[in-house]
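Please read the structure below before turning to the comments.
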Amino acid sequence: MVVSDDECCQYLIEVFAGIFLDLKIIGGKDEPFYVAPKENAYAIIYYKSNYPRSLLHEVSHYCLAGERRRRIDDFGFWYSPCGRTAEEQSRFEIVEARPQGLEKAMCEIVGLRFSPSLDDFSGSPPSEDFLKNVDVAYREMMTNPPPTAKKALFELKKYANANGPLMLV
């Protein structure tokens, strides 16, 4: 099925809305961010612009965060701007490999091209260790994902089987 980025995001939101009843997913933002649920309010994932990959990336974090981290804005993660030290980038890569492995699995299911994100625009390529760890996480997600990720992957597969992969225009 050939769709625009906006349409792809709407399809993905519909799939996830059927799974995560206490979560709102909203696009069109300058930067992605997770707002933890407050009293009588849903949790909210904001994703960047109308980018399906940003939506899948943030949902991947949600799927892997666990109950404690889901009660903290942005799951308790930190953001370091471009120009990170080698140590800061290494810590980022350790935290990001598993969500990006799940994102890669989701991209494959719905027909989106995956490429690892370093969240640093210095031009440095991803480290070999990071790429290896993303691949290890991807294999885990395809064979033995944790429960919330398993549910999300199952629903995406069900959607893709019924509708075919999403081909972006």
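Taking θ as phi - 60° and the Karplus parameters 6.51, -1.76 and 1.60, the scalar couplings of region 100-107 work out to 6, x, 5, 4, 4, 4, 5, 4 Hz in sequence order, x denoting glycine and proline. Between the amide H of Val3 and those of Met167, Leu168, Val169, distances stay under 5 Å, these residues lying 5 or more places away or on another chain, with hydrogens modeled in the peptide plane. Of the solvent-accessible surface of region 32-108, computed with a 1.4 Å probe and all protein chains present, 53% belongs to carbon and sulfur. Beyond 24 Å in Cα-Cα separation lie the following of the pairs Lys24/Lys48; Lys132/Lys158; Lys104/Lys157: Lys132/Lys158. Protein-only accessible surface at a 1.4 angstrom probe places the residues Met142, Met106 in the order Met142, Met106, largest first. Starting from the Cα of Lys38, draw a straight line to each of the aspartates and glutamates and keep only those under 13 Å, dropping any in the same chain fewer than 8 residues away. Candidates past the 8-residue exclusion: Asp22, Asp73.
Averaged per residue, the chain has 55 square angstrom of accessible surface, using a 1.4 angstrom probe with ligands and nucleic acids left out. Taking a ≥ b ≥ c as the square roots of the eigenvalues of the alpha-carbon gyration tensor, the chain is classed rounded because a/c is under 1.5.
The values are calculated or read from the model by the stated rules, or taken from the named source; none is laboratory data. Small disclaimer: the values here were computed from a predicted structure and weren't measured. Quick note on the areas: whole protein, heavy atoms, side chains included, nothing else; ligands and nucleic acids left out. Shrake-Rupley method; radii C 1.70, N 1.55, O 1.52, S 1.80 Å.
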